[in-house]
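Participant: Please see the structure below; I have some questions.
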2 protein chains.
Amino acid sequence: MATLVAPVQHSHIEDAKALYKACKGWGTDEKAVISILGHRTAAQRQQIRLAYQNLYQEDLVKRLESELSGAFEKAVYRWILEPADRDAVLANVAIKKACPDYHVIIEIACVHSPEELLAVRRAYQLSYKLSLEEDVAAHTTGDLRKLLVALVSVLRYDGPEINARLAKSEADILEDAIKNKAFNHEEVIRILTTRSKAQLMATFNRYRDDCGTSITKSLLREGDQVNEFAAALRTAIRCINNSNKYYEKIIRNAIKGAGTDEDALTRVIVTRAEKDLKVIKEVYYKRNSVTLEQAVAKDTSGDYNAFLLTLLGKAD
Amino acid sequence: MATLVAPVQHSHIEDAKALYKACKGWGTDEKAVISILGHRTAAQRQQIRLAYQNLYQEDLVKRLESELSGAFEKAVYRWILEPADRDAVLANVAIKKACPDYHVIIEIACVHSPEELLAVRRAYQLSYKLSLEEDVAAHTTGDLRKLLVALVSVLRYDGPEINARLAKSEADILEDAIKNKAFNHEEVIRILTTRSKAQLMATFNRYRDDCGTSITKSLLREGDQVNEFAAALRTAIRCINNSNKYYEKIIRNAIKGAGTDEDALTRVIVTRAEKDLKVIKEVYYKRNSVTLEQAVAKDTSGDYNAFLLTLLGKAD
């Protein structure tokens, strides 16, 4: 379901040499950078980085940072990192903002499998000499802190077993809480932050059967007033329930209107290109009657545009 | 620092055969069980279990359960398991009690290294098809839930780096909270459940320097009324700060007065015999002017007594 097009065989030494050549002297051959890095898997990119370090005693990432600029630079930087390291960077940037972008934290915590999230937490500690939960806790307060810290700390059970009776009783708890606008009820937080994804899906389905509407719609309806916490809950539920639809909407919002939210657009394309971007593209087309490639082509330009389209699987 | 005396070389097949012989027919040769299992490391015990299974198509643990009884059976059962599996059992038993024994949960969460705690969480999921945090959350409420779930979920940063300014500011936060008897203040929970152990030690030392008394003593003084939450906080701090002293007191309380808290005594001896029981013995002797062996010999009897003394390092 990936969109990335990468050769089965490649020479990481030749790749490293070609990148060196692309960066050498005045100006940079951005097309060469895109045609190499835009067609290599995470494992291949790491091999290239190692080969580059051995050949030129220089960190390829640092070199590219000094050669490239703007949204293109940021996209290449995000892309070249190993997935767990990249998510650690995304989480750190999001939490250190003056106004923390907690939706990115929720996305990382809720879309990933339990083991993937654990890998991000390990990468975070290696990079920042602190735990992810520690930084999240130190930069948030109140109910949002309770929710976020629990979401990034949990190692959810990953098995398929479902307890139908529990799904019923916990769907009831969620229904009561939403009816009473007690979104921050500690039972709501407990359920969303500790149950396995399979169990939560069963609970959400049960909620829908009983209430005649999805829990995310209910949250929207009840939380008409701007409610930061209800919005965070919705993001968590949407990421757990159907991450493809969640990502489609992130991209849609990033593109729509004047200007582009390049950070969001880059984040989705870079983090999903090796995973499920093909499915997200299909969901996008269904919802917008225009292909994601067309939308990106129209909304971005230059090397940034070329790089994103490459990751989206466009033939060179 | 372990008290366990185990041979470097042993034949797990011979051991399995000897255990089979000890269990065969009417009656059980408990002395043989003790002289074998009481002198084998965790890795050796697993090899014996495997060899037994292969030789006799029977689980050694199940067989011993049906042969032994009382406190001795429980101690052997706890001992034979791998450390992470054993802790998962201890945690499950503690949380499923009508009156959950949350100090055991705190002990497991706070004495272990971050990676050891993670191993317990994985073992818990394998055994119970649920996450540890999920069960802890479902069996507790209120402030205690907040504290316990965070303690079992955190993957603390394990490095030696300390931020002295942070230690000062967080010691101040703790001091204010204790002064105002706001033990359950969310900042107190945040600090104790997310900071690295090295950072917390620095914070506790700073607290002592500023207040002229240790934080655990302060909690005791301010929490004169029975306060379940303050007691839980104290346990967490004591386990993080000096687990040897913590364990000494658990043993002291288990032994003192009429009767013995066999569960607690067994737990400490079985879980620490391969780790730091030697140090705990020294702390015990310093505090009680009697050796731990003497105290255990006096307070217990029969096979249970012989088994504990073997794990304490007594020569056969």
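The values are calculated or read from the model by the stated rules, or taken from the named source; none is laboratory data. Since we're looking at a predicted model, the values are computed, not measured. Here Cβ is always computed from backbone atoms with ideal geometry, including for glycine, and neighbour counts include all displayed protein chains. Accessible surface areas use protein heavy atoms only, side chains included; no ligands, DNA or RNA. Shrake-Rupley method; radii C 1.70, N 1.55, O 1.52, S 1.80 Å.
Participant: For the list (1) surrounded by fewer than 21 Cβ atoms within 10 Å (Cβ to Cβ); (2) over 20 Å from the mean Cα position of the chain (by Cα), I need the number of the one condition that B:Asn305 fails.
Facilitator: (2)
Participant: Please go through the range A:108-125 and pick out each residue that is open to solvent by 10 Å² or more (accessible area, probe 1.4 Å) and of a type in the set (Ser, Thr, Tyr).
Facilitator: Across the range A:108-125, the qualifying residue is only A:Ser113.
Participant: For the structure I just gave you, tell me whether B:Glu187 is under 21 Å from A:Lys146 (Cβ atoms) and in the same structural domain as B:Phe229 (by TED's automatic domain parsing).
Facilitator: yes
Participant: How do the pairs read when you match residues in the range B:135-150 that are farther than 20 Å from B:Thr194 by Cβ and in the same structural domain as B:Glu107 (by TED's automatic domain parsing) with residues anywhere that are open to solvent by 30 Å² or more (accessible area, probe 1.4 Å) and hydroxyl-bearing (Ser, Thr, Tyr), using Cβ under 8 Å and keeping only pairs 6 or more apart or on different chains?
Facilitator: Pairs that qualify, where the first residue is farther than 20 Å from B:Thr194 by Cβ and in the same structural domain as B:Glu107 (by TED's automatic domain parsing) and the partner is open to solvent by 30 Å² or more (accessible area, probe 1.4 Å) and hydroxyl-bearing (Ser, Thr, Tyr), are B:Asp135/B:Tyr128.
Participant: Now a separate question. Mind listing whichever residues of the range A:89-105 are within 11 Å of the chain's Cα centre (by Cα) and buried (at least 21 other Cβ atoms within 10 Å of the Cβ)?
Facilitator: Listed by number, the residues that qualify are A:Leu90, A:Ala91, A:Val104, A:Ile105.
Participant: Go through the range A:145-157 and give me each residue that's at the interface with chain B (Cβ under 8 Å from one of its Cβ atoms) and under 20 Å from B:Asp135 (Cβ atoms).
Facilitator: Within the range A:145-157, A:Lys146, A:Val149, A:Ala150, A:Ser153, A:Val154, A:Leu155, A:Arg156, A:Tyr157 meet the criteria.
Participant: For the subset of the range A:126-144 comprising residues that are of a type in the set (A, V, I, L, M) and more than 9 Å from chain B (Cβ to nearest Cβ), which member is most open to solvent (accessible area, probe 1.4 Å)? Break it down into steps so the answer makes sense when it comes.
Facilitator: As a first pass, look at the range A:126-144 and keep what is of a type in the set (A, V, I, L, M): A:126, A:130, A:132, A:136-138, A:144.
Restricting the remaining residues to those that are more than 9 Å from chain B (Cβ to nearest Cβ) gives A:126, A:144.
Working: A:Leu126: 133, A:Leu144: 24 Å².
Among those residues, the one meeting the criterion is A:Leu126.
Participant: Might you check whether a residue that is within 12 Å of chain A (Cβ to nearest Cβ) and either more than 20 Å from B:Ala264 (Cβ to Cβ) or of a type in the set (Val, Ile, Thr) (or both) occurs anywhere in the range B:96-115?
Facilitator: Yes; the residues of the range B:96-115 include at least one that is within 12 Å of chain A (Cβ to nearest Cβ) and either more than 20 Å from B:Ala264 (Cβ to Cβ) or of a type in the set (Val, Ile, Thr) (or both).
Participant: Any residue at all in the range B:68-86 that's under 17 Å from the mean Cα position of the chain (by Cα) and without any contact (Cβ under 8 Å) to a residue 12 or more places away in the chain?
Facilitator: No.
Participant: Follow-up. Please tell me if B:Ala123 is of a type outside the set (Ser, Thr, Tyr) and at the interface with chain A (Cβ under 9 Å from one of its Cβ atoms). Step through it out loud before you land on a result.
Facilitator: On the way: of a type outside the set (Ser, Thr, Tyr): yes; at the interface with chain A (Cβ under 9 Å from one of its Cβ atoms): no.
Criteria not met by B:Ala123.
Participant: Among A:Glu170, A:Glu175, which is of a type in the set (Asp, Glu) and touching an Asp or Glu at 6+ places or on another chain (Cβ under 7 Å)?
Facilitator: After applying the criteria, what remains is A:Glu175.
Participant: Could you tell me whether any residue of the range B:296-316 is under 22 Å from B:Glu82 (Cβ atoms), of a type in the set (A, V, I, L, M) and assigned to a helix (DSSP H, G or I)?
Facilitator: Yes, there is a match, as at least one residue in the range B:296-316 is under 22 Å from B:Glu82 (Cβ atoms), of a type in the set (A, V, I, L, M) and assigned to a helix (DSSP H, G or I).
Participant: Could I ask something else about it? Could you check the range B:167-220 and list, in sequence order, the residues that are open to solvent by less than 60 Å² (accessible area, probe 1.4 Å), farther than 19 Å from B:Gly142 by Cα and not in a helix (DSSP H, G or I)?
Facilitator: Once the filter is applied, which keeps residues that are open to solvent by less than 60 Å² (accessible area, probe 1.4 Å), farther than 19 Å from B:Gly142 by Cα and not in a helix (DSSP H, G or I), the range B:167-220 yields B:Arg195, B:Ser196, B:Thr213, B:Ser214.
Participant: Is it the case that the range B:158-166 has a residue that's buried (at least 23 other Cβ atoms within 10 Å of the Cβ) and within 14 Å of chain A (Cβ to nearest Cβ)? Break it down into steps so the answer makes sense when it comes.
Facilitator: Kept after step one, since they are buried (at least 23 other Cβ atoms within 10 Å of the Cβ), are these residues of the range B:158-166: none.
Scanning the range B:158-166, I find no residue that is buried (at least 23 other Cβ atoms within 10 Å of the Cβ) and within 14 Å of chain A (Cβ to nearest Cβ), so the answer is no.
Participant: Let me ask something else about it. Quick one: would you say A:Glu82 is surrounded by 15 or more Cβ atoms within 10 Å (Cβ to Cβ), among the acidic types (Asp, Glu) and within 17 Å of A:Thr271 (Cβ to Cβ)?
Facilitator: Against the criterion (surrounded by 15 or more Cβ atoms within 10 Å (Cβ to Cβ), among the acidic types (Asp, Glu) and within 17 Å of A:Thr271 (Cβ to Cβ)), A:Glu82 qualifies.
Participant: Oh, and also: Does the range B:276-292 include one or more residues that are closer than 24 Å to B:Asn92 by Cα and over 13 Å from the mean Cα position of the chain (by Cα)?
Facilitator: no
Participant: Looking at the range A:130-144, which of its residues are over 16 Å from B:Glu115 (Cα atoms) and either not charged (D, E, K, R) or not in a helix (DSSP H, G or I) (or both)?
Facilitator: Matches in the range A:130-144: A:Val136, A:Ala137, A:Ala138, A:His139, A:Thr140, A:Thr141, A:Gly142, A:Leu144.
Participant: Which one of B:Lys129, B:Lys97, B:Lys146 is on the phi > 0 side of the Ramachandran plot, out of contact with any Pro (no Cβ under 8 Å at 6 or more places or on another chain) and not β-branched (Val, Ile, Thr)? Before you say what the answer is, go through the steps one by one.
Facilitator: Values: B:Lys97 fails: on the phi > 0 side of the Ramachandran plot; B:Lys146 fails: on the phi > 0 side of the Ramachandran plot.
Among B:Lys129, B:Lys97, B:Lys146, only B:Lys129 is on the phi > 0 side of the Ramachandran plot, out of contact with any Pro (no Cβ under 8 Å at 6 or more places or on another chain) and not β-branched (Val, Ile, Thr).
Participant: Hey, can you tell me all the residues within the range B:36-67 that are open to solvent by less than 20 Å² (accessible area, probe 1.4 Å) and either among the β-branched types (Val, Ile, Thr) or assigned by TED's automatic domain parsing to the domain that holds B:Arg267 (or both)?
Facilitator: B:Ile36, B:Ile48, B:Val61
Participant: State all residues of the range A:145-157 that are surrounded by 20 or more Cβ atoms within 10 Å (Cβ to Cβ) and part of a helix (DSSP H, G or I); if no residue qualifies, say none. Can you show your working first?
Facilitator: Narrowing the range A:145-157 to residues surrounded by 20 or more Cβ atoms within 10 Å (Cβ to Cβ): A:146-157.
Selection gives A:Lys146, A:Leu147, A:Leu148, A:Val149, A:Ala150, A:Leu151, A:Val152, A:Ser153.
Participant: Would you say A:Arg234 is out of contact with any Leu (no Cβ under 9 Å at 6 or more places or on another chain) and either open to solvent by less than 10 Å² (accessible area, probe 1.4 Å) or in a helix (DSSP H, G or I) (or both)? Write out each step before concluding.
Facilitator: Working: out of contact with any Leu (no Cβ under 9 Å at 6 or more places or on another chain): no; either open to solvent by less than 10 Å² (accessible area, probe 1.4 Å) or in a helix (DSSP H, G or I) (or both): yes.
No.
Participant: Out of all the residues in the range A:152-195, which are of a type in the set (S, T, N, Q) and free of Cβ contacts under 8 Å to residues at least 12 places away in the same chain?
Facilitator: A:Ser169, A:Asn180
Participant: Being free of Cβ contacts under 8 Å to residues at least 40 places away in the same chain and either crowded, with 22+ Cβ neighbours inside 10 Å or part of a helix (DSSP H, G or I) (or both) is the filter here; which residues of the range B:273-294 pass it?
Facilitator: B:Ile280, B:Glu282, B:Val283, B:Tyr284, B:Tyr285, B:Lys286, B:Arg287, B:Asn288, B:Glu293, B:Gln294
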